[in-house]
Amino acid sequence: MIQPRPRTIPEATVARLAVYLRVLSTLADGGRSTVSSGELATAAGVNPAGLRKDLSHLGPCGVRGVGYEVDTLRDRIGRVLGVERSRPCVLVGIGNLGSALADYAGFGSRGFEFVGLFDASPARIGQRIGGQAVRPIDELEAVVTATQASIGVITTPGAVAQAVCDRLAAAGVRSILNFAPVTLATPDGVDVRKVDLSVELQVLAFLGQQRLAPAIGEPA
């Protein structure tokens, strides 16, 4: 018997599912039992039609005239995103940003656990952040192997980010979140998500400037 192929969910939809999961968790913590598609869409910053299309990838979810059961939908999205499994992560670069990420307790509730923090600076080695001691970068490969870390977070200066990426990939890490201000080259089978805070700030500055600029045809 031919088994059906697993349903493929577009990457953009996966990103929005993570937002829906965050909203639903907040609603559940507040004691809500149901939510309409309009409420959930507004809270997530999408339109209701887009929300329903995203959730269609999960199969039947809501009840007409009632909406969605918060706990049920949260659990279903959580299973799809795999948050019920703890995913070991390593973080390289314990500067201000790296320290803040390592110390953030919210990752644990979403299924992510830092099992290794690394830095090249002797002054940072041994510091405890978020319950973990910072290790020397020379121990990176050994920790990745021992913990089977599947996700690497890079918060190093751009000049060394590619070298760190190469070491993570060679050690077996297959998913990398890059905060360094460079584009990383990776081998096949290694996924990279780039977070460039300066670009996001520039986009916000541009949007703010557009709102303040006179409309076309109006005198300056």
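Details
- Label positions at Ser56 and Asp75, each projected 7 Å from the Cα along the C-beta direction, are separated by 2.6 nm.
- Net length gained if the chain between Ala43 and Ala163 were fully extended (0.36 nm per residue, minus Cα distance): 39.2 nm
- Extending 7 Å from the Cα toward the beta-carbon at both Glu141 and Leu212 defines two label points whose distance is 5.2 nm.
- Estimated FRET transfer efficiency when R0 is 30 angstrom, pair Ile125-Gln148 (beta carbons, to 0.05): 0.80
- C-alpha center-to-center spacing [region 147-198, region 101-145] in angstrom: 15 Å
- Fully extending the segment from Ala171 to Ala205, taken as 0.36 nm per residue of separation minus the present Cα-Cα distance, adds 8.3 nm.
- Pairwise label distance in nanometres, Ser198 with Asp103, each label 7 Å out on the Cα-Cβ vector: 2.5 nm
- Membrane-span-like helices of the chain, defined as complete DSSP H segments with a Cα extent of 24 Å or more along the helix axis and a mean Kyte hydropathy of at least -1.0, are identified as 11-29.
- Beta bridges per DSSP with both ends in the chain, % antiparallel, nearest 5: 20 percent
- Among [x] 30, 20, 16; [y] 34, 26, 18; [z] 34, 19, 15, the entry derived from the coordinates for semi-axes √(5λ) of the Cα gyration tensor in Å: [y]
No lab work stands behind these numbers, since they all come straight from the coordinates. Source: prediction; values computed, not measured. Quick reminder, even Gly has a Cβ in these numbers, built from the backbone with ideal geometry, and neighbours come from all protein chains shown.
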